[in-house]
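Chemist: The structure under discussion is supplied below as structure tokens; questions concerning it will follow.
Bear in mind these aren't lab numbers, they're just calculated from the coordinates by the rules spelled out. This one's a predicted model, so the numbers in the text were calculated from it and none came from an experiment. Neighbour counts run over all protein chains shown; Cβ positions are idealised from the backbone, glycine included.
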Amino acid sequence: MTHPKTPHVVDARYMEPPGPFVATMEMLDTLKDGEKMLLLLFREPHPLYKVLRQNGHDYEVELQADGTFEILISR
Amino acid sequence: MQALMAFENAPPFAAPLRFFLTAPAFAVLAGLLVAFEGPDIFASRWTPGALAATHLLTVGFMMQAMLGALIQILPVVAGANLQHPLRVAKVVHLGLSLGALLLAIGLYRVDPPLLVGAALLLGLTVSFFLLATLKALIGVPSTSPTIRGLKLALLGLAGVVGIGVVMALALAYGWAVPLPALADLHAGWGLGGWAGVLLAAMAYVVVPMFQLTPGYPARPSWWFPVAMLAMLLLWSVALAAEWSWLVRLSQLVAAIAGIAFAGLTLRLQAKRRRARADATYRYWQLGLSASIFALFLLSTVAFWPAAAEIDGWTLFFGITLVVGGFLPFISGMLYKIVPFLAWLHLQNCGQAKVPAPAMNKILPDADAQRQLLASAAALGLLLAAVLFPDWLARPAGLLLAVANGWLGWNLWCAVRRYGRYRADIAQKLAAQ
């Protein structure tokens with residue numbers, strides 16, 4: 001799956017925990033410097049945010065009308 | 001390994017667990033009280049037995065489970081970390097449990113010193129909880145409907161407990177306040193502003209997460225908690241100004257908002273991607289259907305105020321909303337939260353070397369489904385007992401006690417299995 005914001009997308013909207021967390025960390029490991037990935041979820045993943053901050057990743061969050069949180073994460 | 005890193009946000013299992021294991025005991029007490037009192041308890045919502053049973057369910061069961069869940073879930077859904085969560089949990093659990101018991105006994109015996117003691121204990125306990133959570137939430141922006149809902153639900157909690165304390169003191173000291181109208185407002189703040197808004201804020205997260213449904217659309221999710229609190233404030237102002245038409249209008253809009261939320265949740269559940277209907281799903285279906293029916297009854301009163309004077313109308317409404325709506329929502333969530341937390345803690349114990357057992361092995365769904373049937377039967381009997389109290393009051397009370405004792409037993413068995421799995425994992429790790 002690709003998205004206008006980035007070709008690296010984890011659509012975790014129908015995944016049970018801890019699937020979204022694991023899939024995101026796995027994709028982050030495959031990104032090169034300067035690349036971004038997008039995580040799609042129906043909730044805000046605060047535990048993931050904390051880990052991203054600890055590991056020095058930036059992220060931006062946008063809530064879409066259908067309830068999807070689009071979380072754009074920088075490598 | 002990364003999955004373990006997220007674990008540090010989680011409070012100790014013992015923090016929420018004490019609430020989850022205690023809550024069913026209060027519903028058992030409520031059932032036993034109904035069985036003991038028999039048909040008299042159905043004579044009116046104002047009988048001492050009915051008031052005591054109501055508060056055993058709403059404070060002893062509902063508030064107990066809801067505060068326990070909040071302690072667990074604040075870091076996960078709002079990124080708000082309570083300082084010393086175990087200490088907060090111990091204080092709140094003790095104050096709430098003792099306060100609920102004192103309140104029920106005080107209402108049952110119409111005992112002023114007990115009512116004053118209960119009001120002070122519950123008031124102080126909830127104030128302590130609110131201070132602890134507000135401290136955690138300071139600086140947390142409302143970036144999602146869930147966070148906004150949580151904050152407004154805490155306002156609802158302050159409202160229901162504040163009015164409740166005033167009412168208990170008014171009963172104890174014979175203050176001249178309009179108790180029936182205040183009781184309605186108290187119930188509105190409790191079931192709408194506190195329980196209803198908290199339920200919605202949690203549902204935005206847990207329904208898509210555990211039942212694999214689409215997400216709640218953003219716009220109504222932002223506005224539902226605001227609309228509910230606005231209507232309760234309007235109702236409060238209308239009561240103070242003695243504008244009965246505005247009281248009815250605010251009740252009507254709050255009821256419509258509740259029906260819309262429940263209807264939307266049913267629609268999302270119909271689109272779920274999990275084929276199997278587990279106990280949580282079935283409990284929510286029961287809770288949503290009963291809530292819609294109860295709120296429809298409430299809406300009817302706005303157009304036809306005399307309906308509330310019909311024998312048994314208010315009891316029927318209250319049982320449908322509390323025993324048919326909120327108890328199933330909470331029971332359904334307990335069946336998901338307790339095994340999930342057990343699994344999470346076992347996963348952490350295993351240090352990525354020994355896998356945790358599947359959640360269904362910690363709390364088998366078949367056990368939960370059987371208990372659900374008992375709960376549904378208890379609800380049916382309680383509603384029928386409003387119409388035929390002489391025949392059904394005592395069996396209904398007994399069945400409510402049995403169903404909730406069974407819920408407690410299922411949760412307790414899950415915790416024992418958790419302990420065994422934890423020992424097993426420690427043994428395997430030591431052998432490596």
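Chemist: Based on DSSP H runs of at least 4 residues, each adding -39500 (n - 2.57), what is the mean residue ellipticity at 222 nm of chain B after dividing by all its residues, to the nearest 500 deg cm²/dmol?
Modeler: -26500 deg cm²/dmol
Chemist: With a Förster radius of 25 Å, plug the Cβ-Cβ distance of B:TRP175 and B:LEU249 into 1/(1 + (r/R0)^6) and report the FRET value to the nearest 0.05.
Modeler: Result of the calculation: an efficiency of 0.35.
Chemist: For peptide B:74-86, how many partner chain Cβ atoms fall within 10 Å of a residue's Cβ, on average?
Modeler: If you average over the peptide's residues, the count of other-chain Cβ atoms is 2.
Chemist: Could you go through the range B:87-99 in sequence order and give the Karplus-derived ³J(HN,Hα) for each residue, using 6.51 cos²θ - 1.76 cosθ + 1.60 with θ = phi - 60°, rounded to whole Hz, and x for Gly and Pro?
Modeler: 5, 4, 4, 4, 5, 5, 4, 5, x, 5, 5, 5, x
Chemist: Something else now. Can you put B:HIS345, B:HIS84 in order, fewest other beta carbons within 10 Å first?
Modeler: Ascending number of Cβ neighbours within 10 Å: B:HIS84, B:HIS345.
Chemist: Across chain B, how many lysine pairs separated by 8 or more positions, or lying on different chains, have Cα atoms within less than 20 Å?
Modeler: 7
Chemist: What is the pair-distance distribution P(r) of the protein assembly as shown, computed from all Cα-Cα distances in 20 Å bins starting at 0, with each bin given as a whole percent?
Modeler: Final binned percentages: 23, 57, 19, 2.
Chemist: Averaged over peptide B:267-274, how many Cβ atoms belonging to another chain are found within 10 Å of each residue's Cβ?
Modeler: Whole-number average of other-chain Cβ neighbours for B:267-274 is 1.
Chemist: Further question: Which shape class, rounded, prolate or oblate, goes with the range B:386-432 when its Cα gyration tensor gives a ≥ b ≥ c as root eigenvalues, a/c under 1.5 marks rounded, and past that a/b bigger than b/c marks prolate?
Modeler: prolate
Chemist: Determine the relative contact order of chain B: mean sequence separation of Cα pairs under 8 Å and six or more apart, normalised by residue count, in whole percent.
Modeler: Relative contact order of chain B: 20 percent.
Chemist: In whole Hz and in residue order, list the ³J(HN,Hα) couplings for the range B:417-432 that follow from phi through the Karplus curve 6.51 cos²θ - 1.76 cosθ + 1.60, θ = phi - 60°; x for Gly and Pro.
Modeler: Computed from phi, the couplings for the range B:417-432 are 5, 4, x, 5, 5, 5, 5, 4, 5, 4, 5, 5, 5, 5, 6, 6 Hz.
Chemist: Please list, or write none, the lysines whose alpha carbon is within less than 24 Å of the alpha carbon of A:LYS36, excluding same-chain residues fewer than 8 places away.
Modeler: Candidates past the 8-residue exclusion: A:LYS5, A:LYS50.
Chemist: Pick from B:VAL253, B:VAL91, B:VAL28: which is most flexible by mean-square fluctuation in a GNM of chain B where alpha carbon atoms under 10 Å apart are linked?
Modeler: Checking each option, the largest mean-square fluctuation is seen for B:VAL91.
Chemist: Where in chain B lies the longest segment free of chymotrypsin sites (Phe, Trp or Tyr not before Pro) that are both loop residues by DSSP (not H, G, I, E, B) and have at most 11 other Cβ atoms within 10 Å?
Modeler: B:176-432
Chemist: Quick one: order B:CYS413, B:CYS349 by neighbouring beta-carbon count within 10 Å, fewest to most.
Modeler: B:CYS413, B:CYS349
Chemist: Hey, another quick one. Need one number: convex hull volume per residue for chain B, Cα atoms only, in Å³.
Modeler: Hull volume over Cα atoms, normalised by residue count, gives 135 Å³.
Chemist: Hey, another quick one. Count, for each residue of B:211-220, the Cβ atoms from other chains sitting within 10 Å of its Cβ, then give me the mean as a whole number.
Modeler: 4
Chemist: Here's a follow-up. Only helical DSSP H runs with n ≥ 4 go in: add -39500 (n - 2.57) per run for chain A, normalise by residue count and round the 222 nm mean residue ellipticity to 500 deg cm²/dmol.
Modeler: It comes out at -8500 deg cm²/dmol, rounded to the nearest 500.
Chemist: Related question: Within 10 Å of each residue's Cβ, count the other Cβ atoms and sort B:VAL110, B:VAL92 from fewest upward.
Modeler: Starting with the residue having the fewest Cβ neighbours, the order is B:VAL110, B:VAL92.
Chemist: Let me ask something else. Which ³J(HN,Hα) values in Hz, rounded to whole numbers, follow from the phi angles of the range A:5-19 under the Karplus curve 6.51 cos²θ - 1.76 cosθ + 1.60, where θ = phi - 60° and Gly and Pro get x?
Modeler: Coupling constants for the range A:5-19: 7, 5, x, 9, 10, 10, 8, 9, 5, 10, 9, 7, x, x, x Hz.
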